[in-house]
Amino acid sequence: MTGKERREQLLAIARKLFADRGFEATSIEEIATRASVSKPVVYEHFGGKEGLYAVVVDREMRHLLDSITNALTGGHPRVLLEQAALALLTYIEDETDGFRILVRDSPVATSAGTFSSLISDIASQAEYILAGEFKRRGYESKLAGLYSQALVGMVALTGQWWLEARKPNKEEVAAHLVNLAWNGLSNLETKPRIRGKE
């Protein structure tokens, strides 16, 4: 096995263990045993458990952010909201272990490597979109930051809940999120649906 292949093997094993057990309950010894290598091999590649964890978290954060960014293809703000919600829920569905790693607390997480920092990055992108829409409609564009945090937070926390619940299906969850965000509590639709697929 090449050095690169060994590194990828160690990352895959560690990713699974970190998702199942968390940072504290995962040991370098177990990672090495599952990879059929000695502990020094793991240390040689990553310097320790913290370094290995940091690489796993960084990859997951990039993957999730890219998934959401690449999903934003619609022009209408409601369709963009639908696409973002569906992208997050699809990531949770397809990359459950990765999402579990991102939402767990870790003693080694830095301010640039936490779920809250990722949510903040996404909210910044949403703020840019909202500011333009607010300006176009004659609303206070300086409030776009507040609304972007509220929208992204709502979707992210619902995603954490859906990680375990898995019901209703992701399209229905996204439709309800968009219904609440778009119509507000006073104008909720009785049977919301994703409109971007029409």
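Here are the numbers for this structure:
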{"read-out": "Residue that is modelled with the lowest pLDDT, among those in the range 106-119 that are crowded, with 17+ Cβ neighbours inside 10 Å and over 11 Å from the mean Cα position of the chain (by Cα)", "value": "Ala109"}
{"read-out": "The lone exception for Leu64 - which of (1) under 30 Å from Asn183 (Cα atoms); (2) in a loop (DSSP other than H, G, I, E, B); (3) in contact with a Leu (Cβ under 7 Å, 6 or more places away or on another chain); (4) not acidic (Asp, Glu) it fails", "value": "(2)"}
{"read-out": "Given (1) of a type in the set (S, T, N, Q); (2) in contact with a Ser or Thr (Cβ under 9 Å, 6 or more places away or on another chain); (3) surrounded by 15 or more Cβ atoms within 10 Å (Cβ to Cβ), index of the condition Thr158 fails", "value": "(2)"}
{"read-out": "Subset of the range 1-30 [surrounded by fewer than 13 Cβ atoms within 10 Å (Cβ to Cβ) and more than 22 Å from the chain's Cα centre (by Cα)]", "value": "Met1, Thr2, Gly3, Lys4, Glu5, Ala25, Glu29"}
{"read-out": "Residue list for the range 167-177, restricted to those being surrounded by 13 or more Cβ atoms within 10 Å (Cβ to Cβ) and of a type outside the set (A, V, I, L, M, F, W, C)", "value": "Lys170, Glu171, Glu172, His176"}
{"read-out": "The listed residue being open to solvent by less than 70 Å² (accessible area, probe 1.4 Å), among the small types (Gly, Ala, Ser) and either touching a Phe, Trp or Tyr at 6+ places or on another chain (Cβ under 9 Å) or on the phi > 0 side of the Ramachandran plot (or both), out of Gly132, Gly153, Gly138", "value": "Gly138"}
{"read-out": "Hey, Phe23 touching a Phe, Trp or Tyr at 6+ places or on another chain (Cβ under 7 Å), in contact (Cβ under 8 Å) with a residue 60 or more places away in the chain and not in a loop (DSSP other than H, G, I, E, B) or not", "value": "no"}
{"read-out": "Some residue of the range 89-104 being touching a Gly at 6+ places or on another chain (Cβ under 8 Å) and over 17 Å from Thr158 (Cα atoms)", "value": "no"}
{"read-out": "Count - residues of the range 67-105 that are at pLDDT 85 or above, of a type outside the set (Val, Ile, Thr) and surrounded by fewer than 18 Cβ atoms within 10 Å (Cβ to Cβ)", "value": "7"}
{"read-out": "Hits in the range 31-58 - residues which are open to solvent by 40 Å² or more (accessible area, probe 1.4 Å) and either modelled with pLDDT under 95 or not in a helix (DSSP H, G or I) (or both)", "value": "Ser36, Ser38, Gly47, Glu50, Ala54, Asp58"}
{"read-out": "Search result, residues across the range 178-198 that are open to solvent by less than 20 Å² (accessible area, probe 1.4 Å) and either within 18 Å of the chain's Cα centre (by Cα) or under 28 Å from Arg104 (Cβ atoms) (or both)", "value": "Val178"}
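The values are calculated or read from the model by the stated rules, or taken from the named source; none is laboratory data. If you're wondering where the values come from, they're calculated on a predicted model, not measured in any experiment. Cβ: placed from backbone, ideal geometry, glycine included. Neighbour counts: every protein chain shown. The protein model used for the area step is the full one, side chains on, heavy atoms only, and it has no ligands, DNA or RNA in it. Shrake-Rupley method; radii C 1.70, N 1.55, O 1.52, S 1.80 Å.
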